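In what follows, a single structure is set out as structure tokens and then discussed.
Every read-out reported here was derived from the displayed coordinates using simple, explicitly stated rules and does not represent laboratory data. Remember, it's a predicted structure, so these values are computed and weren't measured experimentally. A quick note on method: Cβ atoms are made from the backbone with ideal geometry, for glycine too, and the neighbour counts reach across all protein chains shown.
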Amino acid sequence: MKTSRPLRNQTIMIALVALALAPLVPQAILARQVQTAPKQPVDPATNPRVRAMVEAINQRVRELGLVSVAEDPDQAAFVRRRRDAQLSEDFEKLNSINAEKIAAQSSPKSLDYKMLSDATADLKSRATRLKYNVLLLQVVDKGEKVRYDEYPDCLPSMLPELNRLINSFLTSPIFRLSSPDDAALRLKASRDLDGIIKLSETINKIAKRMSRIATAK
């Protein structure tokens, strides 16, 4: 049976359209690959705010006589660069983890326990390192230590409190070059940092326990 002319014409048109679109397929695939390229990490040292905080810390510890001049200037400069790079990263991570994970989980209907466990473990590690590496924060505190109950029902109030402590710490006047030598400000920042460490540890324990329970169901 012969194919009718309209049908044959339609077949030819479909073939021509397919040939015309063929060169565009690799380009479309390439475009998707470009769009999904991994985001390059940002060097915390390039953040003006973080760099200013580190510079303020270095200047103020020298002004307060908390550091001594090393015998080997080159070695001292190397150690200072390594320390400053770590400080920059820790300050930046405190801010980003708080904004992207802790604040985001402060009012959801269901909590991501695995994410909270990872985030608070990182927060505790970095806050502890800041506590022992920033001489400006090493002050004598005779006040009563804060304790947190390890109950899952406390999480809705703990997360906003952790968010508040991190924001209070990062915006402390002691991290500014114009900050006065005020013992009360140093004590307040030190207490905020202690609160971040203890509360992160408590939330981490609760989140790990709840994550195991959820997995076992």
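If we count other beta carbons within 10 Å of each Cβ, what is the order of Y113, Y151, fewest first? Mind showing how you got there, number by number?
Details: Y113 22, Y151 10.
Ascending number of Cβ neighbours within 10 Å: Y151, Y113.
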* Asked: How high is the FRET efficiency from E150 to A183, r the C-beta distance, R0 41 Å, rounded to 0.05?
  -> 0.80
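If I take every Cα pair under 8 Å that is 6 or more residues apart in the stretch 45-216, average their sequence separation and divide by the length, what percent do I get for the relative contact order?
On the way: 165 pairs, mean separation 57.3, N = 172.
Answer for the stretch 45-216 is 33 percent.
Set the Förster radius R0 to 22 Å, insert the Cβ-Cβ distance between V79 and R49 as r into 1/(1 + (r/R0)^6), and round the FRET efficiency to 0.05. Mind dumping the intermediate values first?
Details: r = 24 Å, r/R0 = 1.09.
Given R0 = 22 Å and the Cβ-Cβ separation, E is 0.40.
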* Asked: With each label point set 7 Å from Cα along the Cα-Cβ vector, what nm distance links A104 and R212?
  -> 2.7
* Asked: By its C-alpha gyration tensor, with a ≥ b ≥ c as the square roots of the eigenvalues, how is the stretch 110-176 shaped: rounded for a/c under 1.5, else prolate for a/b larger than b/c, else oblate?
  -> prolate
* Structure fact -> Rg/Rh of the stretch 45-216 (Cα atoms, Kirkwood Rh), to two decimals, equals 1.02
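Within 10 Å, count the other beta carbons around each residue, average over each peptide in 197-204, 136-143, and list them highest first.
197-204, 136-143
Quick check: net charge around L155, other residues with Cβ under 12 Å of its Cβ, Lys/Arg +1 and Asp/Glu -1? Mind dumping the intermediate values first?
Details: positive: K205, R209; negative: D112, D149, E150, D153, E161.
With Lys, Arg at +1 and Asp, Glu at -1, the neighbours total -3.
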